[in-house]
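Here the structure is laid out as structure tokens; the discussion comes afterwards.
The values are calculated or read from the model by the stated rules, or taken from the named source; none is laboratory data. From a predicted model like this one, the values you see are computed outputs, not experimental measurements. Note: ideal-geometry Cβ built from the backbone for every residue, glycine included; neighbour counts use all protein chains shown. Keep in mind that these areas ignore ligands, DNA and RNA; they rest on the heavy atoms of the full protein, side chains included. Shrake-Rupley method; radii C 1.70, N 1.55, O 1.52, S 1.80 Å.
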Amino acid sequence: MKNDLNSACLYVVATPIGNIEDISARAIETLKQVVLIAAEDTRHSQRLCQHYGINTPMISLHEHNEESRVAQIAAKLDANESIALISDAGTPLISDPGFKLVRALREQGYKVSPVPGPSAIITALSVAGLPTDSFSFFGFLPAKSSSRKQRYLELGNRTETMVFYESSHRIAASLQDALETLGNRHAVVARELTKTFETILDAPLIELVDILEQDHNQSKGEFVLMISGVDKKANNASIDSERLLKELLKELPPNKASKIVSNFTGISKKEIYQIALDLKESSL
Ligand code: SAM
């Protein structure tokens with residue numbers, strides 16, 4: 001194992017999001033070697049520990065007791081004993097407990113080190129086929145439809161891929177709300193990743209709404225919802241580039257008018273300049 005556990009540390013350890021085999025050798029070794037595992041739900045994590053022969057004692061660490069655990073965990077680190085933090089699934093702190101603990105320990109100068117592994121966000125993006133050069137993660141969407149629509153509206157101008165966690169109770173309504181507020185964007189619904197009923201649905205929102213209406217099994221399980229960012233170039237290009245250009249050409253020379261339209265629409269200046277020359281020629 002690369003890390004020696006002599007200098008005490010809080011290890012933040014990722015665990016599987018479905019398939020129990022999706023855990024690194026270093027994660028298993030770390031969970032065996034630390035003196036204590038702080039787990040979101042000790043009963044839930046018992047299954048993983050039994051499967052891998054991990055006999056380390058566990059304490060619970062969840063949103064209701066996280067702050068009170070800080071002193072207890074700091075005392076172990078002071079005694080040069082390392083601890084691991086795990087959540088029910090995936091990477092701790094990612095829509096899971098641990099943020100307050102990690103921040104408090106770091107502020108107090110303790111060592112915190114990651115043992116990386118699965119997270120539903122990255123797992124979903126890796127198979128979605130949506131642009132990943134830039135994306136934003138927004139966690140869980142609001143439970144109430146009116147607040148959810150408001151959230152979608154706030155994000156309507158985002159150009160990057162948007163990633164959300166969504167529950168089985170709300171996925172169908174959430175897709176409908178997205179359709180009503182964002183229009184018929186391309187979206188991907190990643191369900192039950194790495195599990196028996198893994199399904200990746202990849203279609204315009206209107207089709208996804210229809211699929212979930214027809215087949216109620218598609219609303220069961222755990223979901224990552226990914227929605228394409230707005231295509232400003234296509235929108236702006238179709239709306240008003242030529243009209244804007246014509247108006248500007250009444251006042252400005254073609255190169256200046258083209259520069260403004262290019263900045264406004266995102267279409268290349270060369271392309272706009274050619275249109276400007278054609279317009280000038282046809283008006284002669
Ligand atoms: N910490 C976790 C991670 O790193 O992905 C996320 C925890 S959050 C409380 C749980 C949510 O993650 C689920 O409601 C679902 O939206 C998403 N999720 C977790 N596992 C998933 C899976 N196997 N397939 C699809 N979504 C999953």
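Observations
- Qualifying residues in the stretch 129-171 (those that are hydrophobic (A, V, I, L, M, F, W, C) and more than 12 Å from the ligand (Cβ to nearest atom)) - the one most open to solvent (accessible area, probe 1.4 Å): Leu153
Residues are listed down the side, and each one gets a yes or a no for (1) among the small types (Gly, Ala, Ser); (2) under 28 Å from Ser95 (Cβ atoms):
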site	(1), (2)
Ser174	yes, yes
Gly183	yes, yes
Gly221	yes, yes
Ile227	no, yes
Ala234	yes, no
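- Residue in the stretch 210-223 that is more than 16 Å from the ligand (Cβ to nearest atom), in a helix (DSSP H, G or I), open to solvent by 50 Å² or more (accessible area, probe 1.4 Å) and hydrophobic (A, V, I, L, M, F, W, C) present: yes
- Matching residues in the stretch 172-187 - criterion: being touching a strand residue (DSSP E or B) at 6+ places or on another chain (Cβ under 8 Å) and either open to solvent by less than 10 Å² (accessible area, probe 1.4 Å) or assigned to a helix (DSSP H, G or I) (or both): Ser174, Leu175, Ala178, Leu182, Ala187
- Under the condition of being outside any helix (DSSP H, G or I), within 16 Å of the ligand (Cβ to nearest atom), out of contact with any strand residue (DSSP E or B) (no Cβ under 6 Å at 6 or more places or on another chain) and open to solvent by 40 Å² or more (accessible area, probe 1.4 Å), the residues counted in the stretch 97-128 number 2.
- Residues that are in a helix (DSSP H, G or I), of a type outside the set (Asp, Glu), open to solvent by 30 Å² or more (accessible area, probe 1.4 Å) and modelled with pLDDT of 95 or more, drawn from the stretch 16-68: Ala25, Arg26, Lys32, Gln33, Thr42, Arg43, His44, Gln46, Arg47, Gln50, His51
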